[in-house]
Amino acid sequence: MTSIVDTSPDRSQTIAYQGIGKHYERGGERLQVLKDCTFEIPTGEFVSVIGPSGCGKTTLLNMAAGFTRPDDGSVRVGDTEVDGPSPSRGVVFQQYAIFPWLTVAKNIEYGLTLRANKRPRSERREIVQRYVELMGLGGFEKAYPKELSGGMRQRVAIARAYATDPSVLLMDEPFAALDAQTREFMQEMLHETVLQERRTALFVTHSVEEAIFLSTKVVVLSTRPSRVREVVDIPLPMPRTAESRLTKEFVDLRGHLEHLLRTPTTDAGRTT
Amino acid sequence: MTTVTTPSSTSRGRVALANTSSRIGLGILGAIIAVLAWYAVALSGIVSGEGVPRPDEVVRTGWVMITEQDLIFDLRVSMTRVTIGVAVGCVAALPIGYLLAWYAPLRAMAEPLVNFFRALPPIALVPLVIVYFGIGEGARISILIYASFFAGVVVLYEGISAIDPLLIRAARVLGANRWEVFSRTVVFASIPHFFTAIRVALGVSWATVVAAELVAAQRGLGTVINDAASFYRIPDMYVGIAMIGFTALVMDLILRLAQRRLTGWQEKSR
Ligand SMILES: Nc1ncnc2c1ncn2[C@@H]1O[C@H](COP(=O)(O)OP(=O)(O)O)[C@@H](O)[C@H]1O
Ligand SMILES: [Mg+2]
C-alpha cells in the first residue's frame with residue numbers, strides 16, 4: 001500500500017513556519033493578522049490549513065510562495081529561508097491565473113521555456129503530454145482557456161505548476177470557485193496525482209471535507225490574530241476514494257474539525 | 001478605463017445581440033435613419049441662411065469632385081498624414097505607456113500633465129506649430145502626432161496598469177525573470193490595449209486633420225473643407241466631412257477585424 005507519510009528524517013523539502021507575525025495597515029488602522037504562528041509541513045506530506053475566512057491563510061501561503069514577508073519569524077523550505085518567488089515552489093491560485101493567450105499545451109509548457117528551467121523541445125513535449133494525460137486534458141491541448149470550464153482551467157493550472165517539477169506545491173483554495181460535484185472530482189484527481197508525484201504540499205481551504213480527504217495533517221488556525229489552534233493528524237488509509245468520505249473515521253474527524261472551527265478560540269485550546 | 005469596444009453584453013439590464021449579421025443589419029438601419037433625418041432637416045428649411053443640402057445633392061457634388069477635382073487624391077494625402085501621425089504617435093506612446101503603468105510615482109507625476117496636454121484643442125496649437133515648425137508637411141503631421149500620442153498614451157497606461165497582477169505572479173513563480181515577465185506575459189496581456197490605443201488615436205487624428213491642414217496645406221480633405229468654407233461652397237464642405245467620416249469608419253473596421261483575428265483568445269472579445 002502506498003503511503004505518502006514519510007518516516008525518514010529527510011527535511012530537505014520541509015516547509016517550516018517559525019514564530020510568524022504579520023500585520024497590515026488599513027486606513028490608518030493596524031490589523032494584526034498573524035501572531036506567533038508556528039507549524040511545519042514535513043517533507044512529502046500533504047498538509048491543509050483551515051481557519052475562518054480572513055484569518056490569514058492566504059497570507060501564510062504567500063509567505064511560502066515568496067510574495068509576502070513576515071514581520072516576525074521566518075519561513076524556511078529545507079534549510080533556506082524564503083526570500084522571493086522561485087520555480088522550486090509551485091503555486092496554484094484560486095482564480096486559476098492561466099495565460100489566456102496561450103493554448104492548454106502552451107500554458108503547461110510555459111515554465112519549461114523560461115531561462116530558469118529551460119528544457120529541450122522533445123523533453124518539453126513529453127512533460128506536457130504526461131500532465132495532459134494525468135489531468136484528463138487529452139483532446140484539449142490546442143484549446144484556449146476561454147473555451148474551458150472552471151474545473152478544466154484549474155487542471156491546466158495544476159499541470160502547469162507540476163510541469164516545472166517544483167519540490168513543494170502551494171495551493172490557495174484552488175477548488176473554491178467550482179461547483180460541488182466538480183470539486184469532488186478535482187479532489188480525487190489531485191489526490192491521485194499527489195500519490196504518483198509525491199511532493200510536499202501546502203493546501204489552503206475552508207472546506208473541512210476537502211482538507212480531510214486530501215491531507216495527512218490539518219492545521220487549524222484560530223481567529224485573528226491567528227496562531228495554530230490545533231494540528232490534527234489524518235490517519236485515513238491511502239489511497240483515498242469516494243468511499244473514504246463515508247467511513248466512521250472520516251465522519252469523526254469532520255465532526256472534530258467542524259467543532260474546532262465553530263467554537264471561539266481560548267488560549268487553553270492551543271496545542272501543538 | 002477607456003474602451004471603444006461595445007461589449008455585446010448579456011448582463012442584466014442590457015439587451016444582447018444574437019449574432020454578427022443582426023449587428024450589421026442594425027448598423028445599416030441606423031445609417032438609413034440618419035439619412036432620412038438629414039432629408040427631413042434639409043427639406044423642412046428649419047436651418048436658415050444657406051440651408052442644408054440634401055443628401056442626394058451632396059452625393060452628386062461628391063461625384064463631380066471625384067471626377068473633376070481628383071478628390072481621391074485629397075483623400076490619399078490626408079490618409080497618409082493620419083497614418084504617419086498615428087504610427088509615430090503610438091510608437092512613441094508605447095514605451096511611455098509602459099513606464100507610466102509600471103512606476104507609480106512617475107505616473108503620479110505625469111498624469112496631470114498628460115491630461116492637460118490631451119485637453120488642448122489641436123486648432124489652438126496651429127499658430128505655435130507654424131512659429132516653431134514652419135508650414136511644411138512635417139508641421140502638419142506633428143499636430144497629428146501630438147493628438148495621437150496623448151490619446152494613445154492614456155489608453156495604454158490605463159490598460160497596462162489594469163493587467164491582472166495574478167498573471168504576473170504566476171509567471172514569476174514559474175521562474176520568469178524581470179525581462180521574461182515583461183516579454184512573455186505583460187506584452188501579450190497588453191495586445192488588446194495596443195489595438196484600443198491605435199483605434200482611439202485614429203479617431204482623434206481624423207478629428208484633428210482639418211486643423212492640421214490649416215497649416216498651409218495644398219491638398220487633403222481638411223483643405224477641401226477649409227477652401228469650401230472660404231468660398232461658401234456648402235455642399236463641398238459636406239462632401240469633405242462625409243469623406244472623413246467614412247474613411248475613419250472603414251479604417252476602424254479594418255482594425256477591428258485585425259483585432260478579432262489577433263486577440264481571438266480574449267474572453268469577451270469584440
Ligand atoms: N495587502 C493587504 N492589505 C491590507 N489588508 C490585507 C492585505 N492582505 C490581506 N489583508 C487582510 O488580512 C486578513 C487576512 O487575509 P488573508 O490572508 O487573505 O485571509 P484568508 O486567506 O484566511 O481569508 C484579512 O482581513 C484581509 O482583509
Ligand atoms: Mg484566502
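Below are the figures for this structure:
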quantity	calculated
Matching helices (runs of 4 or more DSSP H) fully within the stretch B:99-202 where at least 3 residues are away from chain A (no Cβ under 14 Å)	B:104-119, B:122-133, B:137-161
Members of the stretch A:69-87 found to be open to solvent by less than 50 Å² (accessible area, probe 1.4 Å), within 14 Å of another protein chain (Cβ to nearest Cβ) and assigned to a loop (DSSP other than H, G, I, E, B), listed by number	A:Val82, A:Gly84, A:Pro85, A:Ser86, A:Pro87
Matching option when the condition is under 25 Å from A:Tyr17 (Cβ atoms) and either in contact with a Phe, Trp or Tyr (Cβ under 7 Å, 6 or more places away or on another chain) or open to solvent by 40 Å² or more (accessible area, probe 1.4 Å) (or both), among A:Val228, A:Val220, A:Val232	A:Val228
Count of residues meeting criterion [within 7 Å of chain B (Cβ to nearest Cβ) and outside any loop (DSSP other than H, G, I, E, B)] in the stretch A:90-100	2
Selection from the stretch A:34-57 of residues that are in a loop (DSSP other than H, G, I, E, B) and either within 13 Å of ligand 2 (Cβ to nearest atom) or within 19 Å of A:Thr68 (Cβ to Cβ) (or both)	A:Gly51, A:Pro52, A:Ser53, A:Gly54, A:Cys55, A:Gly56
Residue that is nearest to A:Thr103 (Cα to Cα), among those in the stretch B:241-268 that are surrounded by fewer than 16 Cβ atoms within 10 Å (Cβ to Cβ) and within 14 Å of chain A (Cβ to nearest Cβ)	B:Gly264
Test for A:Gln129: is it of a type in the set (S, T, N, Q) and either open to solvent by less than 30 Å² (accessible area, probe 1.4 Å) or in a loop (DSSP other than H, G, I, E, B) (or both)	no
Matching residues, the stretch A:211-221, being within 16 Å of ligand 2 (Cβ to nearest atom) and of a type outside the set (Val, Ile, Thr)	A:Ala211, A:Leu221
Count - residues of the stretch A:136-179 that are open to solvent by less than 10 Å² (accessible area, probe 1.4 Å), basic (Lys, Arg) and in a loop (DSSP other than H, G, I, E, B)	0
Those residues of the stretch B:54-64 which are closer than 17 Å to B:Ile32 by Cα and either open to solvent by 60 Å² or more (accessible area, probe 1.4 Å) or not hydrophobic (A, V, I, L, M, F, W, C) (or both), in sequence order	B:Arg54, B:Pro55, B:Asp56, B:Glu57, B:Val59
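Every residue, every condition in (1) in the same structural domain as B:Thr223 (by TED's automatic domain parsing); (2) open to solvent by 90 Å² or more (accessible area, probe 1.4 Å); (3) under 27 Å from B:Leu253 (Cβ atoms), yes or no:
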{"site": "B:Gly25", "(1), (2), (3)": "no, no, yes"}
{"site": "B:Ile28", "(1), (2), (3)": "no, yes, yes"}
{"site": "B:Gly45", "(1), (2), (3)": "no, no, no"}
{"site": "B:Ile66", "(1), (2), (3)": "yes, no, yes"}
{"site": "B:Asp70", "(1), (2), (3)": "yes, no, yes"}
{"site": "B:Arg76", "(1), (2), (3)": "yes, yes, yes"}
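For every residue, the table says whether it meets (1) at pLDDT below 95; (2) surrounded by fewer than 19 Cβ atoms within 10 Å (Cβ to Cβ); (3) charged (D, E, K, R).
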residue: B:Phe133; (1), (2), (3): yes, yes, no
residue: B:Gly136; (1), (2), (3): yes, yes, no
residue: B:Phe149; (1), (2), (3): no, no, no
residue: B:Gly159; (1), (2), (3): yes, no, no
residue: B:Ala162; (1), (2), (3): yes, yes, no
residue: B:Leu167; (1), (2), (3): no, no, no
residue: B:Ala171; (1), (2), (3): no, no, no
residue: B:Gly175; (1), (2), (3): yes, no, no
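The values are calculated or read from the model by the stated rules, or taken from the named source; none is laboratory data. Just so we're clear, the structure is a prediction, and the values are computed from it rather than from any experiment. When we count neighbours, we look across all protein chains shown, and the Cβ atoms used for this are built from the backbone with ideal geometry, even at glycine. Just the protein is used for accessible areas: all its heavy atoms, side chains included, with ligands, DNA and RNA removed. Shrake-Rupley method; radii C 1.70, N 1.55, O 1.52, S 1.80 Å.
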